[in-house]
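These notes are about the structure you will find just below.
The values are calculated or read from the model by the stated rules, or taken from the named source; none is laboratory data. No experiment lies behind these values; they were computed from the predicted model shown. Cβ coordinates were reconstructed from backbone atoms using ideal geometry, including for glycine residues, and neighbour counts include every protein chain displayed. The accessibility values were calculated without ligands, DNA or RNA, using every heavy atom of the protein model including side chains. Shrake-Rupley method; radii C 1.70, N 1.55, O 1.52, S 1.80 Å.
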Amino acid sequence: MDQQGKTIVLNCEKLETRFALLNNGGLEEYRIERADDEPKVGSIYLGKIVNLEPSLQAAFVDIGAEKNAFLHYHDMIPESASLRSGDNRDDDDEETTISVESRRGGDGKTKKKNGRAGELQHREVSRRRRKFTTAEIPEFFKPGMEILVQVVKSPISSKGARVTANLSIAGRYLVLMPYSDHIGLSTKIDNETERTRLKKILSELELPDGMGLICRTVGEGRKSLFFKRDLDLLLSYWNTLEGAIDRGHAPLAVYTEPDLIDRTVRDFMTEEINEIIVDDRGAYKRIYDTVKKIGGRKMAAKVHCYEDSVPVFDRYRIKEQLDKVHSREVKLPGGGWICIDETEALIAIDVNSGRGRKSAEQPEFILKTNLEAAAEVARQLRLRNVGGLVVIDFIDMRSARDRDEVVKCMKKLIKDDRAKTKVLPISKFGLMEMTRQREEESIQDKVFDSCPYCGGSGRVKSPMTMSVEIQRRLNSIFRDPRYKGIPVRVIMHPDVLARLKNEDSEHLRALEEKYKHVLSFRADPALHCEEFRLMDPDTGTELK
């Protein structure tokens with residue numbers, strides 16, 4: 001089914017919700033959320049400091065998860081002039097400081113609240129006003145102390161969640177920063193007239209002392225009423241959070257980031273989206289009501305409930321595109337391909353031009369293939385949701401102009417990536433290094449477990465290697481006086497037996513003659529290809 005423009009498709013099931021963003025039918029973004037995905041990025045916890053590790057410059061915090069959360073010392077220091085956006089980590093922000101007095105006409109003092117929430121607020125205000133370094137962290141934070149933290153990176157592999165003490169709650173148009181009295185605008189809003197208008201709107205909002213805001217990109221062009229409604233909603237979240245603190249004890253989840261269905265509307269629903277297709281009646285009603293509330297009937301008309309018997313991901317040709325996402329090799333339009341390997345240290349990507357092509361050595365063809373590879377790499381990083389250090393081995397380009405063009409192309413391609421990404425120039429070894437923010441497990445890690453046989457290496461011992469190991473073990477058994485003269489049966493995988501019966505049959509006969517033993521062989525398909533057993537056929541006991 002051909003689709004023009006951008007379409008969001010949601011597949012809602014009991015254990016898993018899947019999100020797909022299509023652009024003219026091509027898969028651009030893909031997300032999975034499962035029922036047991038906890039803790040979520042963006043959720044806020046009342047945690048308890050378990051211990052401080054000066055060697056790691058970090059604290060470990062109990063938030064009630066399977067593993068203690070990791071809190072770096074830098075994330076315990078109040079945010080400085082270089083603010084994080086908190087814009088669901090998709091927009092950079094530019095700090096625009098507006099004094100407390102000019103913003104609210106107040107005296108700049110924070111009203112003291114009662115209860116445990118008030119105690120935490122007082123401590124956070126003191127923390128903000130007092131400038132201190134990481135070396136002084138142990139003076140302010142002690143084991144056993146309760147602390148409000150927010151998840152910025154979900155548990156990955158054997159590591160627990162990473163958290164920060166600098167909190168932010170994202171809304172549709174605004175991001176509320178409860179412990180930072182700065183006002184910021186997304187840098188993606190680059191029109192100076194619009195920036196001035198938005199600054200004026202934000203400065204006139206009724207915001208409690210000591211709190212700050214960031215205007216998200218989607219707020220561009222919106223009237224002040226939209227920001228007022230969004231702020232009221234965010235403040236209600238914060239009030240609920242403070243109430244939960246007063247009623248409970250650490251470890252405790254005090255604010256849970258919305259699920260994938262609600263985040264779809266909050267983070268993706270813009271005028272660029274032509275329609276949202278959702279295959280669950282309950283989810284459809286939630287999305288329709290929310291979109292109608294924020295965008296009116298015209299925008300809500302873009303939401304459709306899918307009720308066909310054909311699975312929605314099949315109807316929109318998403319499933320066949322996902323098969324390529326799970327593949328190591330991805331074809332390029334010009335005949336080349338890229339190979340993507342995820343490792344613990346980095347993501348390695350190799351670009352290949354294709355064999356046997358007469359034009360493979362021509363600079364124009366090499367540049368064209370590299371530009372195709374850059375576009376596919378940028379797309380695959382988003383689809384697979386991989387992050388960390390990425391190293392791309394492009395086909396060697398002799399021209400500095402061609403190398404610069406590839407770098408320029410890659411920087412342009414990553415502008416629409418919601419994860420923060422940085423690109424370095426191609427090195428003298430022909431490698432491009434880039435970093436991509438990683439907040440949660442990649443699609444590969446979420447969908448697949450490591451193979452119990454190869455341990456995730458993708459390799460097993462060859463039949464020849466197993467033949468060598470079997471003959472080595474037989475030599476050892478035949479030399480053992482306990483087994484002198486007894487017959488030996490070897491049980492192994494059929495592929496290994498094929499090797500023994502053909503290429504290595506002469507070596508086995510030589511072993512029989514040398515040690516005066518009778519050998520017999522039997523295949524067992526149930527055995528792993530790296531397993532074998534040596535048995536006494538008369539007693540049925542295994543020879544050790």
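Summing charges over all other residues whose Cβ lies under 10 Å from the Cβ of GLU220, with Lys and Arg as +1 and Asp and Glu as -1, gives +3.
For GLY144, the shell of other residues with beta-carbons less than 13 Å away shows a net charge of 0, using +1 for Lys and Arg and -1 for Asp and Glu.
Taking 25 °C and 0.890 mPa s as conditions, the range 404-466 diffuses translationally at an estimated 160 µm²/s according to Stokes-Einstein applied to its Kirkwood radius (Cα pairs). Taking amide H atoms as placed 1.01 Å from N in the peptide plane, the amide H of LEU174 lies under 5 Å from those of ARG216, each 5 or more residues away in sequence or on another chain. Here's how it looks for HIS72: its modeled amide H is under 5 Å from those of ALA59, VAL163, which are all 5 or more places away or on a different chain. Does the range 169-324 come out rounded, prolate or oblate, given a ≥ b ≥ c as the square roots of the eigenvalues of its C-alpha gyration tensor, rounded meaning a/c under 1.5 and, failing that, prolate meaning a/b above b/c? It is oblate, given that a/c is not under 1.5 and a/b is not larger than b/c.
Near the amide H of PHE521, within less than 5 Å, lie the amide hydrogens of VAL490, all on another chain or at least 5 residues away, with H placed in the peptide plane. Extension gain for VAL468-GLU272 works out to 64.3 nm (0.36 nm per residue, less the C-alpha to C-alpha distance). When the surface is traced with a 1.4 Å probe over the full set of protein chains, PHE268 keeps roughly 30 Å² accessible.
Calculated FRET efficiency, LYS544 to THR343, Cβ-Cβ distance, R0 = 51 Å: about 0.85 to the nearest 0.05. Counting only protein heavy atoms and a 1.4 Å probe, the range 472-536 has 60 square angstrom of accessible area per residue.
Would you work out if the range 330-467 is rounded, prolate or oblate? Take a ≥ b ≥ c from the square roots of the eigenvalues of the alpha-carbon gyration tensor; rounded if a/c is under 1.5, else prolate when a/b is larger than b/c, oblate otherwise. Judged from the Cα gyration tensor, the range 330-467 comes out oblate (a/c at least 1.5, b/c at or above a/b).
Looking at the range 307-350, the accessible area is 57 square angstrom per residue; that uses a 1.4 Å probe and ignores ligands, DNA and RNA. At 15 Å minimum axial length over the Cα atoms and a Kyte-Doolittle cut of -0.5, report the qualifying DSSP H helices in the chain, or say none. Length and hydropathy pass: 224-247, 363-384, 463-479.
Using a 1.4 Å probe on the protein chains only, how many percent of the accessible area of the chain belongs to carbon and sulfur? Of the solvent-accessible surface of the chain, carbon and sulfur hold 50 percent. Which of the three applies to the chain, rounded, prolate or oblate, going by the alpha-carbon gyration tensor with a ≥ b ≥ c and a/c under 1.5 meaning rounded? Prolate shape, in that a/c is at least 1.5 and a/b is the bigger ratio.
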